[in-house]
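Data first, discussion second: the structure below is written as structure tokens.
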Amino acid sequence: MGKARGDGQRAFAGGRELCGRKCALAAELGGGRRHGILRRIPARRKGMPPESERMQRADSVRCVEIVDVGNPLFLSWLDLYETVFPACERALVSDLLRALAEKARGAATDLRFLAFLDDAGESDGMALVSAPAGAAAWLWYFAVRPAGRCRGLGSAFYREIARQVRAAGCPGMVLEVEIPPGEPGDAGREEAVRRIAFYRRLGARLLGGIDYLQRVGWHQAPVPMHVMVHSFDPAADAGAAFALAQSVFQDAIRQVGDLTLE
């Protein structure tokens, strides 16, 4: 994003096990992988988008899809990726490079490497999202710089992502968020709670009654995560939300109690 953090079974390199549609993503990414949590980080690298990039605007948001590893914006994208997400939630950089190389060669892919820019063309945020036409979208990673805090940039960027995946014909979008750790009052716990509240304000709902493990590949152990679902059908209930999530995560997600949508 967000968490943006991992998927149910992503294994980028070498095509290690990925569930369902993740197997297709694994092929695209050299093996498969991950999602979305709102993250914020420092430092910024300059880089104007070349003409070959596809740029879209939503209100004042400048959103560029990176389609080539040679794009200087990809360095800023990687800076955010490597400094914001913990190692246990990161796919191998080599797999990201492979995925972009395939995209540059014209290979069919649902993955979008998105960079959000300020007026000077500098990176303010990044996202990796899969948006297959007619199927559920999956927000793998989403991060916003600290300067975007309290300025509404994270919300604006997320709305642009939702606009794009909805325009692609996706019935909804799923994402993973950390399960709040520790005791009430702990800094890490409060941050995780705020992150869930952020996505709720923007239309996503926390799916309860499920068990889900995020697997980013052979190099990291699985991590239990919450799953949130942003359905574009206002009448969708918990059962419909679970069906969307299951269409993405397949057998990596399972029902363990009464389904809830909060």
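The values are calculated or read from the model by the stated rules, or taken from the named source; none is laboratory data. Please read all numbers here as calculations on a predicted model, not as lab measurements. Using ideal geometry, Cβ is built from the backbone for each residue, glycine included, and neighbour counts are taken over all protein chains shown.
If you scan the stretch 157-210, which residues turn out to be among the aliphatic types (A, V, I, L, M) and not in a helix (DSSP H, G or I)?
Selection gives Ala168, Met173, Val174, Leu175, Val177, Ile179, Leu202, Ala204, Leu206, Leu207, Ile210.
Any residue in the stretch 93-114 that is farther than 16 Å from Pro72 by Cβ sitting within a Cβ distance under 8 Å of a residue that is in a strand (DSSP E or B) and among the charged types (D, E, K, R)? List the pairs, counting only those 6 or more apart or interchain.
As it stands, the answer is Arg112/Glu65, since those pairs meet every condition given.
Do we find a residue being within 18 Å of the chain's Cα centre (by Cα) and more than 24 Å from Pro86 (Cβ to Cβ) anywhere in the stretch 110-127?
Looking for residues that are within 18 Å of the chain's Cα centre (by Cα) and more than 24 Å from Pro86 (Cβ to Cβ), one finds at least one in the stretch 110-127, hence yes.
Working only within the stretch 166-180, note down all residues that are in contact with a Ser or Thr (Cβ under 9 Å, 6 or more places away or on another chain) and farther than 13 Å from Gln246 by Cα.
Correct list: Pro171 only.
Can you pull out the residues in the stretch 233-257 that are surrounded by fewer than 16 Cβ atoms within 10 Å (Cβ to Cβ), touching a strand residue (DSSP E or B) at 6+ places or on another chain (Cβ under 8 Å) and outside any strand (DSSP E or B)?
Within the stretch 233-257, Asp233, Asp237, Gly239 meet the criteria.
Within the stretch 217-237, track down each residue that is more than 14 Å from Arg166 (Cβ to Cβ) and of a type in the set (D, E, K, R).
Hit for the stretch 217-237 is Asp237, nothing else.
Could you say which residue among Glu178, Glu183 is more than 22 Å from Ala133 (Cβ to Cβ), surrounded by fewer than 21 Cβ atoms within 10 Å (Cβ to Cβ) and acidic (Asp, Glu)?
When all the criteria are applied, what remains is Glu183.
Would you tally the residues in the stretch 80-131 being acidic (Asp, Glu) and out of contact with any strand residue (DSSP E or B) (no Cβ under 7 Å at 6 or more places or on another chain)?
Number satisfying all stated conditions: 5.
Cβ-Cβ below 7 Å, separation at least six or inter-chain, first residue in the stretch 75-90 and farther than 14 Å from Asp124 by Cβ and among the hydroxyl-bearing types (Ser, Thr, Tyr), second modelled with pLDDT under 90 and not in a helix (DSSP H, G or I): which pairs?
Thr83/Ile41
If only one of Ser130, Ser155 is among the hydroxyl-bearing types (Ser, Thr, Tyr) and more than 16 Å from Gln246 (Cα to Cα), which one is it?
Ser155
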